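The values are calculated or read from the model by the stated rules, or taken from the named source; none is laboratory data. Just so it is clear, the model here is predicted, and its values are computed rather than measured. As a convention, Cβ positions derive from the backbone with ideal geometry for all residues, glycine included, and neighbour counts pool all protein chains shown.
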Amino acid sequence: MTRKRRCAALAVTTALLGAGAGLNAPPATAAPAAAVAAGATIVAEKWLDTRTVDLTVASPAVGASLPVRVVLPTGYAAQPDRTWPVLYLLQGAHDDYTSWTRETDVVDFLAGQNVITVMPSSGPTGIPTDWWNYGGAGAPDYETFQVDELMAVLQQKFRAGTKRVVAGVSTGGYGALAFAARHPGTFTAAASYSGILDTTAFGMPTVLNAIVAREQLLPLTLWGSPLLNRDNWNRHNPSAQAAGLKGTELYISQGSGLASGDFDNLEGAVLEGALWSQAHRFTEQLDALGIPAQVHFYNGGAHAWPYWRQEFKASWPMLAAGLGLS
């Protein structure tokens, strides 16, 4: 099965998995206090072309070194004294930091735009969050890595400015809206394409637990029990934290999936349909709070890149405005 099909089938093929033997806690150890104070550092870099570089970043928050792909604007080298806004593009579940350049034409599409594009690793599950790990020390914190540590690296190494926007697919769509809600004012715009936006809606804890279990991790290490640790789940739920999105430009897209004509990706269509109701709940919460958003609910579709490529380009004018681009 191709990576696209694996990603499309993430909930259908994993919902049958249990948290049985062989599951482990997230593979990270606590970083020394001095390392945390020092911040993240680049330990390796590999230039793929004149604009694209793969970094390896040692993250105290995660307790590991993580890959990050950075794409520079065409005019970067010719303007050594200016700073640049930043576009975050977040991966989906069971994928990696290369997905956006592998599955889209984002490098060419953004060539003439005055923006640094960054695609960080969100770990094996693709859920960019601070893991609970039973409340113990050393739980990996991908949220701090991406929101705080990585931005400091970009500012020091690549002259990143302070203006930034975030977009993501699937679990990356969750991350985009969670980051914007949990860090009000940090991102001027956020976009989700088929994201999990109401994590406590019916069926969504099962989907998230299945994603975690598929990577041979214990589901409870994510945010704990959705019942016994409900407060922690709510703290990480974009819908529960939606008030923090006031003032952020938003784009939300979701397909109904079930009526899809994409018969070559039936699993992806079923998964897309499973996310339909919770996406509506999320936008209803925005309406109740008086928070405007560009919303594209479309019939059919599948949990797959052909649809996300279209939605990214549809959302680009909003993201570009958030970046201050004309």
Please go through (1) touching a residue at least 60 places away in the same chain (Cβ under 8 Å); (2) under 20 Å from residue 94 (Cβ atoms) for residue 257 and return the number of the only condition it doesn't satisfy. (1)
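Please give the strands (runs of 3 or more DSSP E) falling wholly within the stretch 1-76 in which 1 or more residues are polar (S, T, N, Q), modelled with pLDDT under 50 and out of contact with any Gly (no Cβ under 9 Å at 6 or more places or on another chain).
none
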Looking only at the stretch 106-127, which residues are surrounded by fewer than 18 Cβ atoms within 10 Å (Cβ to Cβ) and either under 23 Å from residue 148 (Cβ atoms) or in contact (Cβ under 8 Å) with a residue 40 or more places away in the chain (or both)? 107, 109, 111
Scan the stretch 137-158 and tell me whether some residue there is under 16 Å from the mean Cα position of the chain (by Cα), among the polar types (S, T, N, Q) and surrounded by fewer than 24 Cβ atoms within 10 Å (Cβ to Cβ). yes
Among the residues that make up the stretch 281-298, is at least one of them touching a Cys at 6+ places or on another chain (Cβ under 8 Å) and either closer than 24 Å to residue 99 by Cβ or assigned to a helix (DSSP H, G or I) (or both)? no
Go through 271, 197, 208, 258 for me and flag whichever is outside any helix (DSSP H, G or I), touching a helix residue (DSSP H, G or I) at 6+ places or on another chain (Cβ under 9 Å) and surrounded by 21 or more Cβ atoms within 10 Å (Cβ to Cβ). 197
The conditions are (1) surrounded by 24 or more Cβ atoms within 10 Å (Cβ to Cβ); (2) part of a loop (DSSP other than H, G, I, E, B); (3) more than 16 Å from the chain's Cα centre (by Cα), and residue 238 fails exactly one of them. Which is it? (3)
Within the stretch 163-176, track down each residue that is closer than 19 Å to residue 323 by Cα and out of contact with any helix residue (DSSP H, G or I) (no Cβ under 8 Å at 6 or more places or on another chain). 173, 176
Whether any residue in the stretch 211-230 is within 20 Å of residue 302 (Cβ to Cβ) and not small (Gly, Ala, Ser) is what I want to check. yes
